[in-house]
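Below is one structure, written out as structure tokens, with a few remarks after it.
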There are 2 protein chains.
Amino acid sequence: MMKNYIKHNDWKIIEEGFHPEFNRNSESIFSLGNGRNGGRGNFEEKYSGSSLQGNYLAGIYYPDKTRVGWWKNGYPEYFAKILNAANWIGVNIHFDGKELDLAKMDIESFTRTLNMKEATLCRNFIASFPDGRKVKVSSKRFLSIVRPEVGVIKYTVEPVNFDGKITITPYVDFDIKNEDSNYDEKFWVGQNIENLGNEGYLTAYTKKTNFLVCSGMKYNVMVDGKEHAVNIENESCEKYIESAFSLDVKQNQEVTLCKYGVNASSLYHSHTRLMLDAKETLNEAFDDGFDELFDEHSAAWAKKWESSDIKIEGDVAAQQGIRFNIFQLNQTYTGDDERLNVGPKGFTGEKYGGTTYWDTEAYCLPFFLSTSPQNVSRNLLIYRYKHLQKAIENAEKLGFKNGAALYPMVTINGEECHNEWEITFEEIHRNGAIANAIRNYINYTGDRDYLAPYGFEVLLAISRFWAQRVNWSEQKQKYVMLGVTGPNEYENNVSNNWHTNNMAVWTLRYTFEAIGFLKNEHPDVYAETCKKTGFNEEEETTKWLEIIKNMYFPYDEEKGIYLQQDGFLDKDLKPAETIEPAERPISHHWSWDRILRSPYIKQADVLQSLFWFEDEYEKSLIEHHFDFYEPLTVHESSLSPCVHSILAASIGRPDKAYEMYLRTARLDLDDYNSDTADGLHITSMGGTWMSFVLGLGGMRIRNGEIHFNPILPEGWKSYSFMVIFRGSELRIEVNTKNVMISNYSNKSSTVFINGRKISFQQKETLTV
Amino acid sequence: MMKNYIKHNDWKIIEEGFHPEFNRNSESIFSLGNGRNGGRGNFEEKYSGSSLQGNYLAGIYYPDKTRVGWWKNGYPEYFAKILNAANWIGVNIHFDGKELDLAKMDIESFTRTLNMKEATLCRNFIASFPDGRKVKVSSKRFLSIVRPEVGVIKYTVEPVNFDGKITITPYVDFDIKNEDSNYDEKFWVGQNIENLGNEGYLTAYTKKTNFLVCSGMKYNVMVDGKEHAVNIENESCEKYIESAFSLDVKQNQEVTLCKYGVNASSLYHSHTRLMLDAKETLNEAFDDGFDELFDEHSAAWAKKWESSDIKIEGDVAAQQGIRFNIFQLNQTYTGDDERLNVGPKGFTGEKYGGTTYWDTEAYCLPFFLSTSPQNVSRNLLIYRYKHLQKAIENAEKLGFKNGAALYPMVTINGEECHNEWEITFEEIHRNGAIANAIRNYINYTGDRDYLAPYGFEVLLAISRFWAQRVNWSEQKQKYVMLGVTGPNEYENNVSNNWHTNNMAVWTLRYTFEAIGFLKNEHPDVYAETCKKTGFNEEEETTKWLEIIKNMYFPYDEEKGIYLQQDGFLDKDLKPAETIEPAERPISHHWSWDRILRSPYIKQADVLQSLFWFEDEYEKSLIEHHFDFYEPLTVHESSLSPCVHSILAASIGRPDKAYEMYLRTARLDLDDYNSDTADGLHITSMGGTWMSFVLGLGGMRIRNGEIHFNPILPEGWKSYSFMVIFRGSELRIEVNTKNVMISNYSNKSSTVFINGRKISFQQKETLTV
């Protein structure tokens, strides 16, 4: 099942020798993105083999009519999906009328390389036509991280053993569709075309959402490195432009096409200015030229790596894996626009639709907090703040009142997209994850003022939801929460999911604290917010305190275990290792009812709470629960192992921590779950980062101070990672003998290593 | 919401004045069927207004590709649906080229009448073209209950105030589709056409299932009652034949078309013989003529009514309602073919697909047991016996082994069609209903030998299922059944549904008894069956006895209540009458999660068991549970009120019993749920019959003897009903003063009235 054709290398992802059978897989892995645009590692030239063509523009979505078997009240009508946008990379190559198409040629050598350090995708190959004529091609492509609407391709072709006529046809194709379209609909409507000489543009708008996009190209040609004039023939039809030229070339002559692309959307331009702006952007890039674009691009990436790189010595596969995760996270989200978020597949595939799951708050936020400027993670929070009204409307659809908010399970614009009742309506712990992200952000950054009023407004609406979602059980004489689905989606519609109840009570408590803070520090903001939200503090908080005091938590006295939900101990609690290997993953082999009544846990559930609120529990309690739940956990979500890894490290189980770390470190590179072809598991990459820095590195923030309790996996010589913490730029290096901390910033700092407080000066390095 | 345009009448359903806004509703109500063929009350002539054209052939289905939002392991690939078959009733009428179409005419008078006594559908109308020319039409149509492939239409047209040329175009149209086709596919492929003069045939086969159907017509023409020769023009195209003629008619001249139709399928004929057989059948009918066909048809219906009629004096609406239910049940299922069953919509609409739900066993079997020869209900049981292998395969798909069977929730051919996991995989009490039908049949008929081996094989496979479906709870030290949905579908994936646990234990016990019976009475059959099924009696029954002894039943000591499921008392137990009327039915107004966590019960659940096993419980216990559950029951399934009605009667609550009886008695006639347009609630009609005979009539079978405890609703003068019981044909008449029992059979009989034993002779009537 696992694939093993990607060559191990510190900084590069390398496919050596073409693997057409894995091409869709490779296309995902070799994806490029710059936070605004992105696309799969498709070939520039025609490829008639299996391929999923994919180019995506951040925030440009289509509300596809939903498809369900049996409608339930409350289901959303639409399922918003990120659209496949114009194919701007296309370049068709013909020699004397014969098309270059690797699916139909004899391939002598082939290398596809993703250089993560400089964020470029390169290909080199030599291939022969059936008649024996041999062609050599090399291409290099990148999406500028500095100019987010610009991409460039340098594409060189050389006839190896013949003279002939080459025809090169750069094109932009907007006549594309989504493979996952529910009703085989095309989502784009062509609007405008300009196509003259070496420069062409087309605009298209999306049905229903009316986003306008302009995609364009401009190019120049070199022969043997020298600029070369060509006669161009332009062709256009609806949603398609091309601009072809032909040259007579001799054996070993190199023809280089340098194609500059622009993809601009109405998210950043007015409809009327869009094409003009796109032209301006493209011409500026064209005039600056490939080298300048590349230099500024690679310099910006170097800066990103400076603050986010993790180095591992002694294990190239691990080194490659962790860098790949960091690289893809940085390609997906740059944090400069609070309307955007981290899609579960980023810019690497269609699957899942939507862009935002609770994954962002639970698994990605910590990465951006530690490796990016503060505003990047703040924008992730503001994203949810801006969706608050929609979350209130979403809760209203389900019968809630008075400003209670239920954030959607999956969303792009704040509206719910998901449509399985047991998830959409019941997996409400996501509300807790969104509240907890506020705490996490404030704990990390110290920016308590975020509560005034953004954080508070969100907390208030979520607290109102919890207060209405519980009900009083006469029998238990406690508040209960019925009919929920916890993070462990292998249980549906359960009662008193411990994690959900815990998140509810915690939110109420934290909101209560926030009120105290606001009343002291921002009384005017507080008064204004109360008015705006109709918040009746006394009445509402009285109810909250009642709930905090009287919430029911399933607990087994005899075992001393918080139960995942009511009735959990009625299950046949055989450890997961007793499942026949041929029946793993159970999601592929067992019917849904069998999974549901089994004790097997898809992803951390009680342990998720113990991880988030670690400091509230004795270590022995965490250990006891880890030992109870870990053997029942099948980790069939890529978001699961990281939590177990972090907890294992913190209770002194380095081997388990490392084992769990490895479960996701190379998830996509090795196609562990046989689904990388659909796109990369972007949000899970945040989890992998967490299991490294919080797990192996043991990083924690306590009372505004940063702690590390590092462990070094066996076989590794050393590792180091970078974190930004309240203005300090810290590098922690761990080797077999000691721990070295460097402070790269102009600020003195305090750090705890294994509980020992260490103060050090700006730009100082200490060894412990 | 409720409609009130159907005129009240003892034996007829009458629409006086055309109601185009309710036409789809009327088409359902005025449906005709003869157990093999059936169709909606569509007009013969063209109607361009809203209409759902529908003609259906028993057992002819198509496995439409299923449609789901998110696939779950174990879902069936296909959803078998009864197909809309050829429109054989069509007759287009033109006067001087102008088409008769009630949607475009001025209607002076209109009556549509379903005569339930003789099973005919008649229409009479006078309508004018826009130019003032007035036409009078009368039609009479029936589907022969004696010749199940034959239908006849007598259609008379008269120009009221003009002379002109009339063109009459009888046709058969096979180019039809299902409105509920999942992917807008047409399911029929045309094969053969013969169309010559006044006689035409076409055959078409179904994709995938390859059923072949031949539909044909033959007609003659009369003018003012006298046979009249006409010049015929035949036209055919793919899947369509017509056979038109024109006449010059004078004012007040009557032109009568008598169109004979045949619809024959490969269920009853070889593919090669089909058209020949159809021709023979049709020509025989044609030669016998309308009057003879009608006489034998109405005589056969008179016989049906003899054994099944219920008479009510003093309430015409009630009289009409109960006869409509009996009539439709008899139109839907005649019990002469064990491959057929009672579809939830019969031959009256497309909705739901499949034909067989547990409705058949739970709500329809009692009707057929009491009103039809024994082989009719036996065939309903044999239907399931023949599906046993498929039920075993269905259970295997869900991970069960060793011959365990899970009967499908919805089926035509034994394969599961339904695809909501909480129903398909979890609403397993249906297995209990199928087992209980065997008990019910044997109790009623005394035919214990049905167990050898049919009944036993089914019971064994179901018992094996239960034995694997439970698991041992270490905590409870009991067997539990996790993750089920009870009859109350407003709860999903609950644990220890009391009714399901009860059905499981009862099945095991009953199967155990059956083994004893077989060993004594049919040792050879038993030995053979053990061999065939690999039944290890000692090992398997040991486990069964363990389960019988140690099954967990949720019970609240304090309240003395069997709980519908674990945790039921955690709900906010406000009675249903506290729900805002504007929010009823809650299924239309509340989101699914809100319904699930509410205490509201869609249909009898604990009470279903108490009804089935009434004799095992004290009356006071039943009363106590009725008082607990009835106020929480919203009866949003048409299958719910009957159980409550029967229980209410038996605990001495005649008013409640009558109130519940009324809930479904005129469900379709008054379109109580605003969904009659989709088709009639055929299986629910069995429930209505039950609430009459078992509820008001208080009929029970105990130890092979028949009991009645009748109550007479206020305002009624009297009622009487017929039942066949072990060879006796009994008529029970109840009036304000006494109860009269007649024994119409040639057999002396014993009956208990209000607990008093009464013995009487053949053909005797006694008054109590």
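Do we find a residue being within 12 Å of another protein chain (Cβ to nearest Cβ), open to solvent by less than 30 Å² (accessible area, probe 1.4 Å) and either modelled with pLDDT under 95 or touching a Leu at 6+ places or on another chain (Cβ under 8 Å) (or both) anywhere in segment A:600-608?
No - not one qualifying residue is present in segment A:600-608.
Listed here are the residues, each with its yes/no results for (1) of a type outside the set (Gly, Ala, Ser); (2) part of a helix (DSSP H, G or I).
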position: B:GLN565; (1), (2): yes, no
position: B:ALA582; (1), (2): no, yes
position: B:SER587; (1), (2): no, yes
position: B:LEU607; (1), (2): yes, yes
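Say whether the condition of being of a type outside the set (Val, Ile, Thr), surrounded by 21 or more Cβ atoms within 10 Å (Cβ to Cβ), touching a Lys or Arg at 6+ places or on another chain (Cβ under 9 Å) and within 14 Å of another protein chain (Cβ to nearest Cβ) is met by at least one residue in segment B:51-68.
Yes, segment B:51-68 contains a residue that is of a type outside the set (Val, Ile, Thr), surrounded by 21 or more Cβ atoms within 10 Å (Cβ to Cβ), touching a Lys or Arg at 6+ places or on another chain (Cβ under 9 Å) and within 14 Å of another protein chain (Cβ to nearest Cβ).
For A:LEU694, state whether it is open to solvent by 10 Å² or more (accessible area, probe 1.4 Å), within 25 Å of the chain's Cα centre (by Cα), in contact (Cβ under 8 Å) with a residue 12 or more places away in the chain and within 23 Å of A:VAL376 (Cα to Cα).
Yes.
Given (1) modelled with pLDDT under 95; (2) small (Gly, Ala, Ser); (3) surrounded by fewer than 19 Cβ atoms within 10 Å (Cβ to Cβ), identify the lone condition not met by A:ALA665.
With (1) modelled with pLDDT under 95; (2) small (Gly, Ala, Ser); (3) surrounded by fewer than 19 Cβ atoms within 10 Å (Cβ to Cβ) applied to A:ALA665, the lone miss is (3).
For segment A:414-444, give me each residue that is in contact with a strand residue (DSSP E or B) (Cβ under 9 Å, 6 or more places away or on another chain) and farther than 27 Å from A:GLY483 by Cβ.
Those that are in contact with a strand residue (DSSP E or B) (Cβ under 9 Å, 6 or more places away or on another chain) and farther than 27 Å from A:GLY483 by Cβ: A:ASN440, A:ASN443, A:TYR444.
Of all the helices (runs of 4 or more DSSP H) wholly in segment B:348-449, which have at least 2 residues that are open to solvent by 10 Å² or more (accessible area, probe 1.4 Å) and within 14 Å of another protein chain (Cβ to nearest Cβ)?
Ranges flagged: B:388-397.
For A:SER144, are the conditions met, namely being open to solvent by less than 20 Å² (accessible area, probe 1.4 Å), of a type in the set (Ser, Thr, Tyr) and free of Cβ contacts under 8 Å to residues at least 24 places away in the same chain?
no
Can you name the residue in segment A:210-237 that is within 38 Å of the chain's Cα centre (by Cα) and either farther than 19 Å from A:LEU196 by Cα or aliphatic (A, V, I, L, M) (or both) and, of all such residues, is surrounded by the fewest Cβ atoms within 10 Å (Cβ to Cβ)?
So the residue we want is A:ASN210.
How do the pairs read when you match residues in segment A:465-487 that are within 11 Å of chain B (Cβ to nearest Cβ) and small (Gly, Ala, Ser) with residues anywhere that are open to solvent by less than 10 Å² (accessible area, probe 1.4 Å) and in a loop (DSSP other than H, G, I, E, B), using Cβ under 8 Å and keeping only pairs 6 or more apart or on different chains?
A:GLY483/A:GLU426
Among the listed residues A:LYS165, A:LYS177, A:LYS136, A:LYS186, which satisfies the condition of being farther than 29 Å from A:GLU284 by Cα, among the charged types (D, E, K, R) and either over 38 Å from the mean Cα position of the chain (by Cα) or buried (at least 23 other Cβ atoms within 10 Å of the Cβ) (or both)?
Just a single option satisfies the conditions, and that option is A:LYS165.
Take the conditions out of contact with any strand residue (DSSP E or B) (no Cβ under 7 Å at 6 or more places or on another chain) and open to solvent by less than 10 Å² (accessible area, probe 1.4 Å) and apply them to A:GLY687. Does it pass?
Details: out of contact with any strand residue (DSSP E or B) (no Cβ under 7 Å at 6 or more places or on another chain): yes; open to solvent by less than 10 Å² (accessible area, probe 1.4 Å): yes.
So A:GLY687 passes the test.
Quick one: B:LYS303 ticks every box in (1) free of Cβ contacts under 8 Å to residues at least 60 places away in the same chain; (2) farther than 28 Å from B:LEU369 by Cβ; (3) not aliphatic (A, V, I, L, M) bar one, so which box is it?
Here B:LYS303 clears every test but (2).
Test B:HIS499 against the stated conditions and say whether it is surrounded by 15 or more Cβ atoms within 10 Å (Cβ to Cβ), over 20 Å from B:TRP358 (Cα atoms) and away from chain A (no Cβ under 11 Å).
So B:HIS499 does not fit the description; no.
Are any residues in segment B:706-732 closer than 21 Å to B:ASN746 by Cβ, assigned to a strand (DSSP E or B), open to solvent by 10 Å² or more (accessible area, probe 1.4 Å) and touching a Lys or Arg at 6+ places or on another chain (Cβ under 8 Å), and if so, which ones?
Step one: of segment B:706-732, the residues closer than 21 Å to B:ASN746 by Cβ are B:706, B:720-732.
Those left that are additionally assigned to a strand (DSSP E or B): B:706, B:720-725, B:728-732.
Now restrict to residues that are open to solvent by 10 Å² or more (accessible area, probe 1.4 Å): B:722, B:724-725, B:729, B:731.
Matches in segment B:706-732: B:MET722 only.
May I ask you to list the residues in segment B:609-631 that are open to solvent by less than 10 Å² (accessible area, probe 1.4 Å) and not aromatic (Phe, Trp, Tyr)?
Answer for segment B:609-631, where residues must be open to solvent by less than 10 Å² (accessible area, probe 1.4 Å) and not aromatic (Phe, Trp, Tyr): B:SER609, B:LEU610, B:ILE622, B:HIS625.
Here is a yes/no grid of residues against (1) surrounded by fewer than 19 Cβ atoms within 10 Å (Cβ to Cβ); (2) within 14 Å of chain B (Cβ to nearest Cβ):
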position	(1), (2)
A:GLU538	yes, no
A:MET551	no, yes
A:GLU580	yes, yes
A:HIS588	yes, yes
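With the requirement that a residue be closer than 27 Å to A:VAL470 by Cβ and in a loop (DSSP other than H, G, I, E, B), what does segment B:589-605 give you? Even if it seems obvious, please write down each step before you answer.
The first filter runs over segment B:589-605 and keeps only residues closer than 27 Å to A:VAL470 by Cβ, leaving B:589-602, B:605.
Matches in segment B:589-605: B:TRP590, B:SER591, B:SER598, B:PRO599, B:TYR600, B:LYS602, B:ASP605.
Against the conditions (1) of a type in the set (Gly, Ala, Ser); (2) part of a loop (DSSP other than H, G, I, E, B); (3) without any contact (Cβ under 8 Å) to a residue 24 or more places away in the chain, where does A:SER638 fall short? Just the number, please.
(3)
Assess whether B:ALA527 counts as being away from chain A (no Cβ under 14 Å), of a type in the set (Gly, Ala, Ser), in contact (Cβ under 8 Å) with a residue 12 or more places away in the chain and farther than 30 Å from A:TYR552 by Cα.
No; evaluated as a whole, the condition is false for this residue.
Can you tell me which residues in segment A:88-103 are open to solvent by 10 Å² or more (accessible area, probe 1.4 Å) and closer than 13 Å to A:PHE43 by Cβ?
If the condition is that a residue be open to solvent by 10 Å² or more (accessible area, probe 1.4 Å) and closer than 13 Å to A:PHE43 by Cβ, then A:ASN92, A:GLU99, A:ALA103 are the ones that fit.
Only one of these conditions is not met by B:GLU583: (1) in contact (Cβ under 8 Å) with a residue 12 or more places away in the chain; (2) in contact with a His (Cβ under 7 Å, 6 or more places away or on another chain). Which number is it?
Here B:GLU583 clears every test but (1).
The values are calculated or read from the model by the stated rules, or taken from the named source; none is laboratory data. Every value quoted in this text rests on a predicted model; they were computed, and no experiment measured them. In this analysis, Cβ positions are derived from the backbone assuming ideal geometry, glycine residues included, and neighbour counts consider all displayed protein chains. Ligands, DNA and RNA are excluded from the accessible area calculation, which covers all protein heavy atoms including side chains. Shrake-Rupley method; radii C 1.70, N 1.55, O 1.52, S 1.80 Å.
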